[in-house]
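Here is the structure we will look at.
Bear in mind that the values in this text are calculations on the coordinates, not laboratory data. Being a predicted model, the structure only gives us computed values, none of them experimental. Using ideal geometry, Cβ is built from the backbone for each residue, glycine included, and neighbour counts are taken over all protein chains shown.
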Amino acid sequence: MADILDLSVLEAHNAKMAGDLSPREHVDAWFEAAGRDELNAYLWRNDRGAEAAAIEVKEDWNAPIAVKDIFCTEGVPTTAASRILEGYRPPYTATAVQQLIAAGLPILGKTNMDEFAMGSSNENSAYGPVLNPWDRSRVPGGSSGGSAAAVAGGLAPWAIGTDTGGSIRQPAAFCGIVGLKPTYGAISRYGMIAFASSLDQCGPLTRTVSDAALLLAMLQGRDPLDSTSVGIEGGVSLPDREDLSGLRFGVPAELARDSVDAGVREVFEWTLEKIEALGGEIAEVSLPNAEHGISAYYVIAPAEASSNLARYDGVRYGYRADADQRLEMYKRTREEGFGDEPKRRIMVGTYALSAGYYDAYYGQAQKVRTVIKREHDALFETFDALVSPTSPTVAFPLGARTADPIAMYLCDLLTIPSCMAGLPGLNVPCGLSEGLPVGLQLIGPQFAENTLFRIGHALEQAIGFDSVPERLR
Ligand code: GLN
């Protein structure tokens, strides 16, 4: 049998069913692997470790999991990679994590991320950047960079993250793994530290499309504690088809060709040929207002963030600065506790929501959002999925974009439009450019996760991409 760490969760399950692998061996191997983190992927590791975790091993699906540090976990440090939450141990656990625990998944640890999920390279973490396992001089993407690097780097069999404007799909693309941003409302947001509440969504980061389906099946559902959660009607099924016949794919020119690096484009065009070879029909389409997605997002997300981050006052959570006066304590706590990016967004968001500016900025951005949603809806009357690269570039060197916030914001050019429309998006690794992974993005209508899995699975089989860098094999 192959090395335990080489198995996807589904393969490990099958090995367990066949009696070739004991649940205990499986759990122990992963706890040991997580302990070898040289990528700064984990902010906290479950040092009670395999010993304690293995006691829980009783269910079928007991592969341990890495959890982005944005999810509240009872009694366990939860920082969202911010100084302002240093020392905070929540009194309750996020519903999504609770569902994983209920399914018998031991928690390996909490993963590094951009502070409050604001960023595209994981360099905004107060606890240092995460390194890309394919090339340690490069970023893993963000904001769920720790989760993506842990899965690609052999430090976790699977992980969860969150995606507001691309934070699951883009790091999945940079690290050569599968990542799904589910339809807004598929999974409860209860206990997920809020960044931009109308966009935030939890989702899986995995080695294979089947593993993503398994994980989504455990995560999705309506939660009385989150009134925006509805779950996925009919549930999630394991993809098994290996062809794409009868499926129609739209390639939005605005997302697929303009502003995409030549190397990425080459792999993308090659992937389109694969889709056709598998029986899929391809047509060029247009999302004329997708290009306004970024501008609208950078009004809406900071506006919501400025409101959500108002609660960190030094009284209720984590860090508190010393001061004689209460007002001074609030000010110093926020000045010392927040990093530059949250501060930038609090300022932009507060400005955009000010009396007299609200209609010009927030109101206008919401209208753009509606237009973008309608353009997508119209295409889904004809097409089963839209395809584009996930990111305009491959993983870039550490430090390459930190001095220029706009350059960093542009990383999400291709993932933001579907977020604005609340649609599901799946990243599937589709090849290499300059020796680094390139990801294909599949966008579907609301709650079409099963279709995306089916397409992703067929492509994954045809492409045969191995999510583990050669160096680690
Ligand atoms: N990079 C985008 C931002 O900084 C998206 C982040 C996310 O999806 N959480 O806001």
With unit charges on the beta carbon (Lys/Arg positive, Asp/Glu negative), name the residue among PHE465, PRO389, LEU39 whose Cα is farthest towards the positive pole of the charge dipole of the chain. LEU39
Name the shape class, rounded, prolate or oblate, that the alpha-carbon gyration tensor gives for the chain, where a ≥ b ≥ c are the square roots of its eigenvalues, rounded holds for a/c under 1.5, and otherwise prolate holds if a/b is larger than b/c and oblate otherwise. oblate
Potential extension, LEU238-ARG344 segment - 0.36 nm per residue separation minus Cα distance: 33.9 nm
Going from the fewest other Cβ atoms within 10 Å to the most, one would list ASP47, ASP200 as ASP47, ASP200
Enumerate the calculated ³J(HN,Hα) couplings along the stretch 438-447 in order (Karplus 6.51 cos²θ - 1.76 cosθ + 1.60, θ = phi - 60°), each rounded to whole Hz, writing x wherever the residue is Gly or Pro. 10, x, 9, 9, 10, 10, x, x, 3, 6
Rank VAL368, ALA301, VAL264 by how far each Cα sits towards the positive end of the charge dipole of the stretch 251-368 (+1 on Lys, Arg Cβ; -1 on Asp, Glu Cβ) and give me just the farthest. ALA301
Karplus 3J(HN,Hα) series, Hz, for the stretch 122-134 with 6.51 cos²θ - 1.76 cosθ + 1.60 (x for Gly, Pro): 6, 7, 8, 5, 6, 10, x, x, 9, 9, 6, x, 6
Once you place label points 7 Å from the Cα toward the Cβ at GLU434 and SER295, how far apart are they in nm? 2.9 nm
Using DSSP to call loops (not H, G, I, E or B), can you name the chymotrypsin sites (Phe, Trp or Tyr not before Pro) in the stretch 75-183 whose Cβ has at most 14 other Cβ atoms within 10 angstrom? TYR92
Chain lengthening between TRP270 and ALA323 when straightened (0.36 nm per residue, less Cα-Cα): 13.0 nm
Alpha-carbon centroids, the stretch 423-468 and the stretch 99-135: separation in whole Å: 21 Å
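Placing +1 at every Lys and Arg Cβ and -1 at every Asp and Glu Cβ, with all other atoms neutral, what dipole size does the stretch 66-187 have around its Cα centre, in debye to the nearest 20?
Numbers: 8 positive and 8 negative charges, 29 e Å.
Charge dipole of the stretch 66-187: 140 debye, to the nearest 20.
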Take each of the peptides 336-344, 4-12, 446-454, average the number of other beta-carbon atoms within 10 Å over its residues, and list them starting from the highest. 446-454, 4-12, 336-344
Distance from the Cα centre of the stretch 10-49 to that of the stretch 387-413, in angstrom? 32 Å
Is the stretch 137-261 best put as rounded, prolate or oblate by its Cα gyration tensor, with a ≥ b ≥ c the root eigenvalues, rounded for a/c under 1.5, and otherwise prolate when a/b is larger than b/c, oblate when not? rounded
Just how large is the dipole of the chain about the Cα centre, in debye to the nearest 20, putting +1 at every Lys and Arg Cβ and -1 at every Asp and Glu Cβ? 1220 debye
Quick one: 3J(HN,Hα) in Hz for the stretch 291-305, Karplus 6.51/-1.76/1.60 with θ = phi - 60°, rounded, Gly and Pro as x. 5, 8, x, 4, 4, 5, 4, 7, 9, 5, 5, x, 4, 5, 5
So between TYR357 and ALA253, what do we pick up on full extension, going 0.36 nm a residue minus the alpha carbon distance? 34.1 nm
